[in-house]
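Every number in this text was worked out from the coordinates using simple rules, so none of it is lab data. Quick caveat, the model's predicted, so the values are computed rather than measured. Every residue, glycine as well, gets a Cβ built from its backbone with ideal geometry; the counts of neighbours run over all protein chains shown.
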Amino acid sequence: MDVSLIAAITIDGYIAKDSKHRSTTWTSPEDLHHYVSKIKTADVIIVGSTTFNTFKKHPKNSTWVIYTSKPNDFINPNPSVITTIPTNKPPHQLLEELSAKGYSSAIVAGGASIYTQWMKSGLVNTLHLTVEPYLFGNGVKLFDHDLGQTQLQLVKQELLNSSTLALEYRLSR
Ligand SMILES: NC(=O)c1ccc[n+]([C@@H]2O[C@H](COP(=O)([O-])OP(=O)(O)OC[C@H]3O[C@@H](n4cnc5c(N)ncnc54)[C@H](OP(=O)(O)O)[C@@H]3O)[C@@H](O)[C@H]2O)c1
């Protein structure tokens, strides 16, 4: 299974001011386009319930895995547009189950708790990071736990507009 991670970050490494801060209020239209094009290529999009609740719209026919401690209580807010798979399973177990169902690619789309759990699992192959021209100074960091000294290789860089840089990294393993 191909597993990538996608995030928009400030220059100082934050993904939000707080857990209710919607990304599209500060990221560029070009990044939204980049983000939507990437998530559309994945078979499933993996998010935490807090992040899922910040979205107002979803690409048609997309499949969302939503992490929540109460998967049995989860209700798909838009069943005519999206498929939802609520879960509380660890990354390895979830990936085995998704593979068995025929899914072959997944994109981890936040927030910080989900990015961290998936990076720690060692299952992520690729990172798509968009650096937006902001400094927050404090807020929600991309990762919220120690990741040792994880080394990455830059494989692609693209200016999305005059100030927004999209970077693609592979994990060096
Ligand atoms: N800039 C970006 O690219 C970007 C991308 C994504 C998100 N964000 C921002 O990040 C913020 C949200 O991040 P966050 O870290 O606070 O929240 P989050 O990771 O989106 O969601 C946290 C929730 O996920 C569930 N969860 C997490 N781990 C779980 C596990 N192992 N088992 C079961 N459920 C689990 C829990 O849901 P329950 O409470 O339902 O149990 C938990 O409260 C928002 O401001 C959002 O806009 C930014």
Review point. Any idea what angle helix 112-121 forms with the longest principal axis of the chain, computed on alpha-carbon atoms, 0 to 90 degrees, nearest 10?
Key: 80 degrees
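Can you count the Lys pairs in segment 36-139 whose Cα atoms are under 15 Å apart, with each pair 8 or more apart or on different chains?
Values: Lys38/Lys60; Lys40/Lys57; Lys40/Lys60; Lys70/Lys89; Lys89/Lys120.
Value for segment 36-139: 5.
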Review point. Taking a temperature of 25 °C and a viscosity of 0.890 mPa s, what whole-number D in µm²/s does Stokes-Einstein yield for the chain with Rh from Kirkwood over alpha carbon pairs?
Key: 149 µm²/s
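Mind checking the full-extension length gain between Leu159 and Ser99? Use 0.36 nm per residue of separation minus the Cα-Cα distance, one decimal, nm.
Details: separation 60, 0.36 × 60 = 21.60 nm, distance 3.41 nm.
Additional length available on full extension: 18.2 nm.
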Practice item. Sorted from largest down, give the three principal axis spans of the alpha carbons of segment 64-132, whole angstrom values. Key: 32, 32, 23
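Counting other beta carbons within 10 Å of each Cβ, put Ser104, Ser28 in order, fewest first. List each step's numbers first, then the result.
Numbers: Ser104 11, Ser28 18.
The fewest-first ordering by Cβ neighbours comes to Ser104, Ser28.
Using the number of other C-beta atoms within 10 angstrom as an exposure proxy, rank His92, His128 with the fewest first. Provide the component values of the computation, followed by the final result.
Values: His92 11, His128 20.
If I rank by nearby Cβ atoms, fewest first, I get His92, His128.
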Check your understanding: Taking Cα atoms, how many degrees apart are the long axis of helix 29-41 and the longest axis of the chain, rounded to 10 and kept between 0 and 90?
Key -> 40 degrees
Check your understanding: From largest to smallest, what semi-axes in whole angstrom does segment 1-47 give when each is the square root of 5 times an eigenvalue of its alpha carbon gyration tensor?
Key -> 21, 13, 10
